[in-house]
Amino acid sequence: MITDLVWLAFLAPLSFAVAATVPIRQKNSAALRAALATCAAAIALLTSVGAACWVGIAGRTHTGLIGARGIGFDLYLDALSAAMACLVAFVGLNIILFSRNYLQGDPSQSRFFQLLCAALACVLVLIICGNLFVLALAWIVTSLVLDKLLLFYPERRAARLAARKNAMIGRLSDVALILGIVLIYRSFGTLDYTRIFSASEMALATHNSATLNAAAIALVLAALLKSAQFPLHGWLLEVMETPTPVSALLHAGIINAGAFLVLRMSSVVSISDIALDTLAVIGAITGLFGSIVMLTQTSIKVRLAYSTIAQMGFLMLECGLAAFPAAVLHIVAHSLYKAHAFLSSGSVIDLARASWIPSPSEKPHPARILISIVAVLAVTFVMSRIAGASLLDKPGVFALSAIVLLGLIDLVANGIDERPNAYVLTRVIVLAFLTAGVFFALQIGMEHLMIHTFPFAPPLRSIADAVIVIFVVLTFGSITFFQASLSTSAVKRWTNLYAIVANGFYVNTLLNRMVMRTLIRRATANDNTLTILEVDDMAAVR
Amino acid sequence: MNTSPATCNSDPVPNRAALDRAISEACQRIAPLWPLKHFVAVNPFLGFADRSFHSTCAVMHRVARVEMLMPREFYTRCLATGEIKDRDIEGALLKTPANWRVPRTIAEIRAAIECPQTQPEQHAAHVATVAEILDALAGGDRNTSRVAFMVDEISKWCAAYFDDGASAWQLPSRDFAPYAAWRASMMHDRNPEVMGIRRFRAIVATLPVDPTETIRAIIERLRVPQRAVSEYLYQALLDISGWASYARYLVWNSELYGKSDTTLLELLAIRVAWGYALFLQRDDHAFISAWEAAMRDAASIPLDERLGDDPELCLRLVLQDAYERAYQRRIIERLSLESVQPSSAVPTRKTLQAAFCIDVRSEVYRRALERTSADLSTLGFAGFFGYPIEYVPIGHIRGGAQCPVLLTPKFTVREALQGESKAKEDAVFYLRRLRRRVAKAWKSFKVSAISSFIYVETFGVSYASNLLSDNLRLTRTVSDPNTDGLDPSTIKRLEPQIDPGELGGRPTGFTAEQKLIMAENALRAMSMTGNFARVVMMVGHGSTTVNNPHATGLDCGACGGHTGEANARVAAMILNNAEVRSGLRTRGIDIPDDTWFIGCLHDTTTDEVTIFDRGEVPASHEEDLAAVRAWLQRAGSIARAERATRLGLAVDNSLDNKIRARSRDWSQVRPEWGLAGNAAFIAAPRERTRKIDLGGRVFLHEYDWSKDSDFSVLELIMTAPMVVASWINLQYYGSTVNNRVFGSGNKALHNVTGVLGVIEGNAGDLRTGLPWQAVHDGTDFVHEPLRLSVFISAPIAAMNEVIAKHEGVRNLLDNRWIHLFAMDDRGQISYQYDRTLNWIEVKQISDA
């Protein structure tokens, strides 16, 4: 059978697994391990690209199952899994190349490469497997490996706290995922992707079963917990307690597991309006939360972490609005962007040295928002001819276009200060055109690529959807205008609001306090001399 | 003083004058921290220069429980390898005060070091802060004690207050003075209460508005005994020593310009207020009794000068001394045996004379250059070449101070275009500003709350190529800040404009008279008053690294953490000026008409030297220049080969490429070794050291005392370059012996905060000093923690005069932060400075 060739795709995770586990006894084990990891990444990337070509030529392919009763091991290649595999292998290769020099001399460099390769192997299995049983296994093992990476410097107090928080939320997410899978098995009697997809298509057409609804909600919960969504986002803020490449891997790879689950199971998730609406609402709130808190942060890595939280929220919003191809694009784009942002975070001083303020006074032009709205409306008029989406047709695309509009207003507004200048203005408007053009071209391209991957995007389903879309457009719009007026004196007086936002609405502090208490209980259980701790603990409760 | 608890509790409240003294004493102990945009080396023990080295070790141990010496195993290893010999221990023992509890014979020392280490005894007179008592009660768990939370919160607030452009939405109260701003923020900040610190906002509201009054009120409420107030405050600052150091930098800068500054005092008030809020949380018996005991302990009198209580500390102090004697023994031996007598005959005229910065990295290159030809000579001088300037890049209105941080710039020099009209120059000036405005709008589109979603979805994919090309070292992660916004053709023609002009309402350049004065001073300070070569190079230095937050720390410290390019070019331009030369002639310095000065830049990462203003070189010197370029090329290869070993690279044909690749590598945490290894400072004519391989460990300053009739140059050397070298030396010392406290930790965890410093991980205090990777190669320390040994070729009486006149220099020497030796006219190291202007003879060493 020619589809047996597809088993070759398993080389990608396998090569990483080998690089992670082969014992090396030589003295310069770090250098050897680095070479091994680089080779593994190169093989994985070539394999993934090969798989993508295969999908391009032969279409989606599902290998035969090794197992019984719809549970077992198999591979499933389509545009989504091929794109994700390429992404992970590419980012993995770059992180490995980076870490060779970056961690040189670290006594645990060899162990670092082992953990990195193990994590990449798990993520790749998660992506290319064709069965929910294997996906769940990979899902759980990934978070165990991540735990080890977060504790790469176990002596660091904050690292232990972050790892503990991650573990607690990770376990919750595991439970939700297993629950979802059990419910799917009860409904369809299989965990095999192809059969789940066809069965859920039928289910979508015929009836809306309560079990499937519950399964969809459980999957969505698992995804949300895994993607650092508000209010359980805190652990993501603290992973800077491990070397920079781990942050890059996490923010550009592992964090996408939740979104991947939703996309992979989009046919099941689409059955439930509640599941989609939950995704959209939590995503929108997280997006707003992350992006506004990001504005107040002063350290580069924490700022990047809030940015990831915001972007993950935006991604969930796209999923909730059934804009699945846009979501795939967002995963790929954000991963590449964030991997680079973390690895180059040491350049922030160079960047600041180049970012001197040229205007005589920093005062923005009073009418700049108005001027830019006019300019952007003109841009949109041209662009919307090409995209052509209405609220009723594709709510996701509509919301997205509205946000593009806001972004462009922001861009043009930033080009207009007290003394508007033709040189600056024309360039900014050209950039706005370019942005809009590239944006819609990519969207359309992605929709073509993913045409057979996702269920048909439903038109506006209910009033609830319309409310969500309008809520999103309005709140995102008000944040844009709020940011534009940050330099005005009125906002400067909002000390109270600043305190709330800069502290991330106090959510993470509360969570930390709760997690710390569990850490203390553990310590007390291990050591009965710590009576003072209990006193302190009680003081905290009081 | 009575130390019984009864009396100490009834201690009168400190009066304002006494409190002010205690506060200023505590604040003075903190060393400044320069921001990363122009990071320079600082002596972390600056605040202790008035104390002896050993008593500082004791104070650090007692007050802060901080180590200032290497662990015992380090010295054991040095003894085992024979690096420290018996005679070094012998010498150290001779100088050991009688009251130290330490063995007195070599055999006993060797035996003592084999014994298991005694647990350091609890020092009496330890002054514990509220935070420390809470830590102790929580079994050292800083989460439980909430001390970690306090440090994180203060650090976060400081980052927001001092932020230099990291956040888009800035702290609303940042226009106020720090303490007032903090009170204003904290009235609304519920974070401490969410963490379980009850009534925090209410407690802050009850504190006085005046920071000093706040400190006074809290000291009174806590019943800190009067003797311990200053130490209590110092220890409180140590919990946030990074931000305190940054505040100290702001104070330092204000004072340099004659302004007073209360930033650090106000930060202290914030820290003390936090401690007080934690204090109020606890009314349980365990805490109250622990606190009372701590205050009783604090009231007793410390014995720092005696040290007798801590045999372990004494033993390691003796071994540290022996370790330094071992180094001095080796270098003195080489100086004595291999030093070359300057010939009395009139020296022949050379083709090339090259002046380098005294930086230890120049020593390697100078030696390499001298190997290429006998027709050249080199000399060393502080890399700003005597020109304290503010250099304003084209398009800018203000620039950076390119001079040692002990000075303020005296002149403003703007960057201009070679041989262009004013109109053309203005065009470039305004174009760069306009480009900056477009870039600013674009950047803000990238990072704004909502538009960032669109930016990422649209342009995120393009980062695939950035990742790959950065990893393949084809691109820089971000464009070079020095050339950003300029066309390549423009960049090549940029030069400093030394003639008088005006920029943004300020005068720029030098008047004819100023040029002449500066030129004369610089030449005399370099002992360069005759026998000029045909080509004289002024070689500044800078580094080339990518993605390195501490990049400016590798640039020239004498240029205030900038590259030395501008200073070198200004120096050369002024000395080429015909008017200046005729003026100099009337003042006794005759520069021949066929001498040409050129400004150059030594790239310390790649050991390449760039020659500037080549177009200006007269046709008559083309041949000389060709020879010079050939020498520079060869010297670069030799220097790279020498450095390769330390960088862990094999010396082969691809070495040059490998080193260049290293300078472009965004993942490289050790692009070069900076000044690691520095150990000595020699002020003497180059002939004395020319035949000696000093291994890139020595600051070399040209000095010929016979040309220094009033010893004003000697005074300059001992008060400026020697002090700065000691700052660098002690920074490396601190970062090596205790990187956790005096260094900035692991680069892989660095997180740039407020665009001014780094924290390690996601929170915590700002870090000072050097990263661990700057002193350690993963297997071993690359820097050897040695206090600076200074060798000056000058009459002892003249040196004593300088030491007597300058208290700062005397403190450094008398308190053993620096070892000073005199080099006599035969090049022999004959005397060592002891203390209080006394010198002792150095026994001639003959190693059998």
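Derivation of every value follows stated rules applied to the coordinates shown; laboratory data play no part. This is a predicted model, so every value here is computed, not measured. Please note: Cβ atoms are built from the backbone with ideal geometry, for glycine as well, and neighbour counts cover all protein chains shown.
The figures follow:
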| read-out | value |
| --- | --- |
| For the stretch A:167-324, the Rg and Dmax computed from alpha carbons only, in angstrom | 16.4, 53 |
| Kirkwood-based shape ratio for the stretch B:449-505, expressed as Rg/Rh from alpha carbons | 1.20 |
| Global form of the stretch A:34-83, assessed from the alpha-carbon gyration tensor, a/c cut-off 1.5 | oblate |
| Two-site label geometry, A:ILE71 and B:SER706: point separation in nm, points 7 Å out along Cα→Cβ | 9.7 |
| Expected-Rg normalisation [2.2 N^0.38 Å, Cα atoms] applied to chain A | 1.01 |
| Charge dipole magnitude, Cβ of K and R +1, D and E -1 - the protein assembly as shown, Cα centre, debye nearest 20 | 1620 |
| Cα-Cα P(r), the stretch B:173-242, percent of pairs per 10 Å interval | 18, 40, 39, 4 |
| Amide N proximity, the stretch A:90-119 versus B:THR779 label position 7 Å along Cα-to-Cβ, cut-off under 12 Å | A:105 |
| Of B:LYS422/B:LYS446; A:LYS27/B:LYS747; B:LYS37/B:LYS658; B:LYS446/B:LYS492; A:LYS148/A:LYS226, those spanning more than 26 Å from alpha-carbon to alpha-carbon | B:LYS422/B:LYS446; B:LYS37/B:LYS658; B:LYS446/B:LYS492 |
| Rg to Rh, two decimals, where the stretch B:269-410 supplies the alpha carbon set and Rh follows Kirkwood | 1.24 |
| Which of B:ALA533, B:THR552, B:ALA519, positive extreme of dipole for the stretch B:500-558 (C-beta unit charges) | B:ALA533 |
| B:ASN653-A:ILE140 FRET efficiency (beta carbon distance; Förster radius 51 Å; 0.05 resolution) | 0.50 |
| Part-to-part distance (alpha-carbon centres) for the stretch A:69-83 and the stretch A:126-186, which is given in Å | 20 |
| FRET efficiency for B:THR76 and A:LYS27, using Cβ-Cβ distance with R0 set to 25 Å, rounded to 0.05 | 0.55 |
| Whole-number Å³ per residue for the convex hull built on Cα positions in chain B | 185 |
| Helix-only CD estimate at 222 nm, as mean residue ellipticity for chain A, using -39500 (n - 2.57) per DSSP H run (n ≥ 4) | -24000 deg cm²/dmol |
| Convex hull per residue volume in Å³, alpha carbons only, for the stretch B:601-641 | 49 |
| The protein assembly as shown: proportion of alpha-carbon pairs further apart than 64 angstrom, % | 15 |
| Karplus-derived HN-Hα couplings along the stretch B:201-217 (A = 6.51, B = -1.76, C = 1.60, θ = phi - 60°), whole Hz, x at Gly and Pro | 4, 5, 4, 4, 5, 7, 6, x, 6, 7, x, 5, 4, 4, 4, 4, 4 |
| Spacing of the two label points (7 Å from each Cα toward its C-beta) at B:ALA423 and B:GLU801, in nm | 5.9 |
| Phi to ³J(HN,Hα) by Karplus 6.51 cos²θ - 1.76 cosθ + 1.60 over the stretch A:247-253, Hz, x for Gly, Pro | 4, 4, 4, 5, 6, 10, x |
| Largest-first ellipsoid semi-axes for the stretch B:432-568, taking √(5λ) over the Cα gyration tensor eigenvalues, angstrom | 41, 21, 13 |
| Computed log₁₀ I(q)/I(0) - Debye formula, equal Cα scatterers, no solvent, the stretch A:178-259, q 0.11, 0.20 Å⁻¹ | -0.43, -0.88 |
| Candidate lysines for bridging to B:LYS95, where Cα separation is under 20 Å - those fewer than 8 sequence places away on the same chain excluded | B:LYS85, B:LYS843 |
| Magnitude of the charge dipole, chain A, Cβ model with Lys/Arg +1 and Asp/Glu -1, debye to 20 | 1000 |
| Test item: Cα-centred dipole of the stretch B:544-670, Lys/Arg +1 and Asp/Glu -1 on Cβ, debye | 560 |
| At q = 0.16 Å⁻¹, base-10 log of I(q)/I(0) for the stretch B:764-819 (Debye sum, equal scatterers on each alpha carbon) | -0.71 |
| Pairwise FRET efficiency - B:LEU280 versus B:GLU213, Cβ, R0 = 22 Å, nearest 0.05 | 0.75 |
| Between the stretch B:435-511 and the stretch B:606-641, the Cα center-to-center distance that results, in Å | 30 |
| Span from the the stretch A:468-484 Cα centroid across to the the stretch B:247-289 one, whole angstrom | 41 |
| HN-Hα J in Hz across the stretch B:676-683 - Karplus 6.51, -1.76, 1.60, θ = phi - 60°, x for Gly and Pro | 4, x, 4, 8, 9, 9, 10, 10 |
| Virtual spin-label span in nm between A:ILE57 and B:ASP499, 7 Å along Cα→Cβ | 7.1 |
| Extension gain, B:ASN253 back to B:ARG646 (0.36 nm per residue minus Cα-Cα distance, nm) | 137.8 nm |
| Positive minus negative residues near B:ILE517 (Lys, Arg vs Asp, Glu; Cβ under 12 Å) | +2 |
